[in-house]
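Nothing in this text is a laboratory measurement; each read-out follows from the coordinates by a stated rule. These numbers were taken from a predicted model, which means no experiment stands behind them. Reconstructed Cβ throughout: ideal geometry from the backbone, glycine too, with neighbour counts over all protein chains shown.
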Amino acid sequence: MIFLDNASTTRVLEGVDDVVKYYNSIDYFNPSASYALANEIANKIREAKRVILKSLNGSGKLIFTGSATESNNTVLLGQLNKRFKKVLVSRGEHSSISHTIQTIKNAGFEVEEIPLTHEGIVDLDAFKNLMSTEVGLVSVIHVSNETGAINPIKQMVQIAKQINPNVLFHSDGVQAFLKIPVNLDDLGVDFYTISGHKVHAPKGIAGLYIRKNLKPYLLGGGQQDGLRGGTENVSGIMALKYVVEKTNLEEKLAYVKKLRDELFHLLKSTKGITINSSIDNSPYVVSLTLDGVNGETMVHALELNGILVSTGSACSSKSSGNNTLSAMGLDSKSIRGNLRVSFDIENTIEDVRIFVDKLIENYNKLTVRKFG
């Protein structure tokens, strides 16, 4: 099997299963209990936070959550404040943010969506025009889960804070964490979302970076300094710490760029297949458009060849359309022909070559069948 849907999830890193087993069967104590063994677990959780914050170059706090969706909702729904009237989100957000818009509106707030350029990044001029002193919360994805486009978060934070120094700025960093260099102190964001299962940790462990005070979204027993109720997922936390310590980001990024470059090289003169992603994007995610062929049809055709890709975000796979591609100016026909290829360090150059061979082979068969 050739797995090219790494933006949806990844296989756990070798050694992670041993970490999970250890903390589920040996050091399985509840970190909130009062005896010494439980205190040791609490100290290990604090150390895990330190390690992860160091990887993010962030001097704020970190709370662990159950998913990136929870982290995003904690900010988008939990930090609404009557002192402001508007919320800004980009049109290229993950569904865990874009699908909260109506709920925010129902709570009495105005929500405006920031347009994207044809390259898939936020339109800065439009953002400047939308930003005002009435805007109290901004959320812009760092790296697009659909195209790999990298938004200019630092510049946006500076613009937002100049207009309203009290504005809260959140970024969904799921496709950036442990994939491209991230310096949260330099970016200046107030909140930043990360997820474990996109980077070879288990599903069910994620995090939210906090630079400013956070209004708790989940209330319970006062865990994590009262910022997120619920007994911590100790095995998941320690597995994520393990992955962070084992990841060489620079080496990983350089390797994945070679995979992406090989894909671009092999497809550059292929008639009927358009690359929607720029060379300046994160190399981990590439969007393709198949002219005259439905993307979902191609997904299933490639599956029969032992190759797994997707038509876009797994969290939006049951929905019609694609907000990000639509915001980039692609028409409905092109969106129906969308294919998302996402790499990771476990893939090889040979994987890319086999994928392209089978993609072209299936494309030719499907177009002949349709137009022949």
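Going by how many other Cβ atoms sit within 10 Å of their own, how do Leu130, Leu263 line up, fewest first?
Leu130, Leu263
Straight distance only, please: which lysines reach the Cα of Lys365 with their own Cα at less than 28 Å, same-chain residues fewer than 8 apart left out?
Counting by Cα, and skipping residues close in sequence, Lys365 has these lysines nearby: Lys268, Lys271, Lys318, Lys333.
Could you tell me whether region 178-236 comes out rounded, prolate or oblate from its Cα gyration tensor? Rule is a ≥ b ≥ c as square roots of the eigenvalues, rounded for a/c under 1.5, then prolate if a/b exceeds b/c, otherwise oblate.
The shape class here is oblate.
Sort region 125-166 into rounded, prolate or oblate with this rule: let a ≥ b ≥ c be the square roots of the eigenvalues of the Cα gyration tensor; rounded if a/c is under 1.5, and if a/c is not under 1.5, prolate when a/b is larger than b/c, oblate otherwise.
Values: a/c = 2.28, a/b = 2.25, b/c = 1.01.
Verdict is prolate for region 125-166.
Give the value in nm², to one decimal: projected area of the alpha carbon convex hull of region 90-139, averaged over all directions.
3.6 nm²
Kirkwood Rh over Cα pairs of region 1-89 into Stokes-Einstein at 37 °C, 0.692 mPa s: D in µm²/s?
In µm²/s, the coefficient rounds to 195.
Using the number of other C-beta atoms within 10 angstrom as an exposure proxy, rank Val135, Val341 with the fewest first.
Details: Val135 21, Val341 28.
Ascending number of Cβ neighbours within 10 Å: Val135, Val341.
If region 72-229 were replaced by its equivalent ellipsoid, with semi-axes equal to the square roots of 5 times the Cα gyration tensor eigenvalues, what would those be, largest first, whole Å?
With the √(5λ) rule applied to region 72-229, the semi-axes are 22, 20, 15 Å.
Would you work out which of Asn30, Ile210, Asn322 lies farthest towards the positive end of the dipole of the chain? Charges go on Cβ: Lys and Arg +1, Asp and Glu -1.
Ranked along the dipole, the leading option is Ile210.
Using all C-alpha to C-alpha distances in the chain, build P(r) with 20 Å bins and read off the rounded percent in each one.
Percent of pairs per bin, in order: 29, 55, 16, 0.
For region 53-158, report the translational diffusion coefficient in µm²/s to the nearest whole number, using Stokes-Einstein at 4 °C, 1.567 mPa s, and a Kirkwood Rh over Cα pairs.
88 µm²/s
Fewest to most neighbouring Cβ within 10 Å: what's the order for Val368, Val89, Val174?
The fewest-first ordering by Cβ neighbours comes to Val368, Val89, Val174.
At a threshold of 8 angstrom on Cα-Cα distance, excluding pairs fewer than six apart, so keeping six or more, what relative contact order does the chain reach in percent?
Relative contact order comes out at 23 percent.
Based on DSSP H runs of at least 4 residues, each adding -39500 (n - 2.57), what is the mean residue ellipticity at 222 nm of the chain after dividing by all its residues, to the nearest 500 deg cm²/dmol?
Numbers: 14 runs with 147 residues, N = 372.
Result for the chain: -12000 deg cm²/dmol, rounded to the nearest 500.
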